[in-house]
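Down below is the structure, laid out as structure tokens.
The values are calculated or read from the model by the stated rules, or taken from the named source; none is laboratory data. Note that the coordinates shown come from a computational prediction; the quantities given were computed from them, not determined experimentally. Glycine gets a Cβ as well: all are built from the backbone with ideal geometry, and neighbour counts include every protein chain shown. Ligands, DNA and RNA are excluded from the accessible area calculation, which covers all protein heavy atoms including side chains. Shrake-Rupley method; radii C 1.70, N 1.55, O 1.52, S 1.80 Å.
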Amino acid sequence: RILAKQFLSQEGFAVIEAEDGIDALQKFHKTQPHIVLMDVDMPNMNGFEACRQLRSLPTGKTIPILMVTGRDDITSIEKAYEAGATDFSPKPTNWTILVRRVRYMLRASATLQELRKSEVRLDKAQRIAQLGSWEWNLESNEIYWSEHLYRLLGVRDLCDPPSFEAILRRIPFAEQDRVEKWYRKTLKSEQRSSINHKIILPEGNVLVVQHQAEVHYDDLGNTRLMSGTLLDITQLKEAEEKILYMAHYDSLTGLANRMIFKDRVQQVLDLSIRHNRQAAILFLDLDNFKRINDTLGHAVGDLLLQEVAERLKNCVRSYDQLTRLDSQQVARFGGDEFTLLLSEIQQPEDAEVVAQRILDAFEHSMTLDGHEVVVTLSIGITVFPNQGKDVDTLLKYADTAMYFAKKEGKNRYALFDPDMNETEQRRLKVENRLRNALQNGELYLNYQPQVALGSSDIVGVEALLRWHNTELGDMSPAEFIPIAEESGLILPIGEWVLREACKQAMEWSNKDLPKVRMAVNLSVRQFFDQEQELDTLVADILRETALPPGQLELEITESMLIDDVDQVISTLYKLKALGIKLAIDDFGTGYSSLSYLKRFPVDRLKIDRSFITHVTSNNNDSVLTLAMVAMAHSLKLKVVAEGVETGEQLEFLEERSCDEMQGYYFSCPVSDQKMEELLSSQSVDHVVVEADNI
């Protein structure tokens, strides 16, 4: 009642509340409302009895009464109409439809009142209301149809004499028996009754009508007249169906939405348990969709989602002997997430076959608004009922498996394994603790020197993020940084790292220590952050810390350079205009085109440690390293070799004219105090550290 009052009041209705049927009858006498809404289940006097007593009142015979109930049995519905209800609405209530229905009932009621006032206005009013009426004199057996009823049924006066049989012939055969039984029951009843059915017009069009009828008695209680109306509710039904469609289907892709998909999974789960058979859920997520959305715009992103939906539906339409699929079992779960239900499989491998078929369907690029786009999917699979017996658990497991597919390199599928739960719980714990790491002062920086070959002078340091949590201990950056990237926490953390590194560099400079460049790694999330432009953030921090721009070097990875090249170049030039240095980190492991490299205003290439590790023992690594050094020098770029751990590697790089080196052969990452000591002495501790201690 509270919710009904809220929604109806918002629509401009003046609402009078009654706590039960007795209260309703008392307030009805005083207020004479235009319409009555009542629940079947009420204390003291239920809705059926309250409706009957309202109808017995002189002013209550024509008042529209809408009965609302959670009972879905036919007997309760019929009982509501027998009690005199104008219409019936089931729970749970769709408030939008309820408001529309109230308005519609009020309009119909007002129309009927007007019809009773003047016979002259009858036809016009009925045409406006799409309402046809009939009367049957039970004594003379004469039947009258209003002019609009002829039009509603699509017949002419002389072609089809008025009769109940003539109406029955316009009703689809499958509904005729139900309507005829309703008619006979109404004839014996003392209450107005209503039924919805279809009418087939001569040209083949189908209308949906609300057919109401009631019997009239004389003063002696004898039946004298039966009258009825046929109200065209086709548009109302279409509107209801549209609203229901919007509630169950995604408006962008036309696929089922989360609600209807979960309902379908529950049905299949019940059948699987009952009949001891297997089914599977595939949870799909687009790889790097946010980047496509950010670089090409949301309009292209919407086109991409529509194309993905079409390809998934085509996969479903493909004939498959292993599974039973239909379009209702493909859903857009939300954002760039899609789900697929395999309602019956023989073995888990069958689900893997379907997953691979989907991956194959996305091998080819798609053209969207003039842009050629390649998109891949990561898919998680869970099989039930063995892996779970409730829908939310199954979806969680499928989502967990999908996450593992992404972690393994994307564009692949993963079958859920119980061990994944422990890993996911660990990931969630790390993410939750990381959210408070900044404010709790748990993050700190270590610094690793970068040394010039020949002089062995420290010419730069790289700021490396570290985290110690009282519960988790010392956390490996390899574990927590990817989590920070995925969760978006890298944005505030990255800003903190940049500010702290600049402050530290300025502190060393103020102590008259050698002025070395401070290298700070950038995250791809920072580079493409839509809320704050990177060059603005860097300029603000340089101004705040007073660090000369020439002492700051930002390191970016090759993966950043392949996304929206024009935007990348624009941002790099803005950063370069500030006077800072730019370096490409982990060079040789990415996929950037060498033709792009000459367009990027970078100062330094850092050869990835994977090449340096075997540079003296693997001919391919030595050749590639030599080629990268030569290429960089031809582009007038300096070269830093990462991961130098042995004297043999040092000797090889010196002979190949590499400019600088960084690695455990010179120094592991150290605290700011230790780094200050190294800068003070300009000597480097040659310490080899085992990989397990990195």
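General observations
- Per residue accessible area in Å² of segment 344-401, where ligands, DNA and RNA are left out and the probe is 1.4 Å: 44
- From its DSSP helices (H runs of at least four residues, each -39,500 (n - 2.57)), the chain gives a residue-normalised ellipticity at 222 nm of -14000 deg cm²/dmol.
- Net charge, residue 657 excluded, C-beta distance under 13 Å - Lys, Arg +1, Asp, Glu -1: -3
- Between residue 35 and residue 631, the contour length at 0.36 nm per residue exceeds the alpha carbon distance by 206.1 nm.
- Kirkwood radius, segment 230-386, all distinct C-alpha pairs, inverse of mean reciprocal distance: 16.9 Å.
- In order along segment 463-477, the Karplus-derived 3J(HN,Hα) couplings, from 6.51 cos²θ - 1.76 cosθ + 1.60 at θ = phi - 60°, round to 7, 10, 6, 10, 9, 10, 10, 4, 8, 8, x, 6, 9, 6, x Hz, and Gly and Pro are given as x.
- Once the 1.4 Å probe is applied to the protein heavy atoms, segment 204-338 comes out at 49 Å² accessible per residue.
- Virtual spin-label span in nm between residue 486 and residue 432, 7 Å along Cα→Cβ: 1.6
- For the chain, the Kirkwood hydrodynamic radius from C-alpha pairs, put into Stokes-Einstein at 10 °C and a viscosity of 1.306 mPa s, yields a diffusion coefficient of 49 µm² per second.
- Take every pair of alpha-carbon atoms less than 8 Å apart whose residues are at least six positions apart; their mean separation over the length of segment 206-326 yields a relative contact order of 14 percent.
- Check: segment 583-672 dipole with +1 on Lys, Arg Cβ and -1 on Asp, Glu Cβ, in debye: 540
- Carbon + sulfur, % of accessible area of the chain - ligands and nucleic acids excluded, 1.4 Å: 49
- Mean separation of Cα contacts under 8 Å (6+ apart) over length of segment 413-525, as relative contact order %: 25
- Positive end of the dipole of the chain (Cβ unit charges, origin at the Cα centre): among 62, 80, 182, the Cα lying farthest that way belongs to 62.
- Projected label distance in nm at residue 411 and residue 577, using a 7 Å step from Cα toward the beta-carbon: 3.6
- Convex hull of Cα atoms in segment 134-270, direction-averaged projection (nm²): 12.2
- Cross-link check: pairs 5/91; 313/389; 503/581; 5/27 evaluated at a Cα-Cα cut-off of 19 Å; pairs beyond the cut-off: 313/389.
- Relative contact order of the chain, pairs being alpha-carbon contacts under 8 Å that are 6 or more residues apart, as %: 7
- Taking Cα centre as origin and charging only the Cβ of basic (Lys, Arg, +1) and acidic (Asp, Glu, -1) residues, the dipole magnitude of segment 231-295 rounds to 340 debye.
- Segment 153-270, dipole about Cα centre (Lys/Arg Cβ +1, Asp/Glu Cβ -1), debye to the nearest 20: 260
- For residue 147 and residue 267, a Förster radius of 45 Å and the Cβ-Cβ distance give a FRET efficiency of 0.40, rounded to the nearest 0.05.
- Residues residue 423 and residue 346, FRET efficiency given R0 of 30 Å [Cβ-Cβ distance, rounded to 0.05]: 0.55
- A Förster distance of 22 Å, applied to the separation of the beta-carbon atoms of residue 23 and residue 57, puts the FRET efficiency at 0.90.
- Where a label projected 7 Å from the Cα of residue 313 along Cα→Cβ would reach, residues of segment 357-400 with amide N under 19 Å: 358-359, 361-362, 366-369
- Length added when fully stretched, residue 372-residue 109, from 0.36 nm per residue minus Cα-Cα: 88.8 nm
- Where segment 437-519 is the region considered: accessible area per residue in Å², 1.4 Å probe: 41
- 25 Å Cα-Cα threshold exceeded, pairs from 30/185; 290/598; 574/606: 30/185; 290/598
- When Rg and the Kirkwood radius Rh are both evaluated on Cα atoms of segment 347-465, their ratio Rg/Rh stands at 1.20.
- Segment 450-556: projected area of the alpha-carbon convex hull, averaged over directions, in nm²: 8.3
- Here the gap between residue 240 and residue 353, fully extended at 0.36 nm per residue and compared with their Cα-Cα distance, gives a gain of 36.7 nm.
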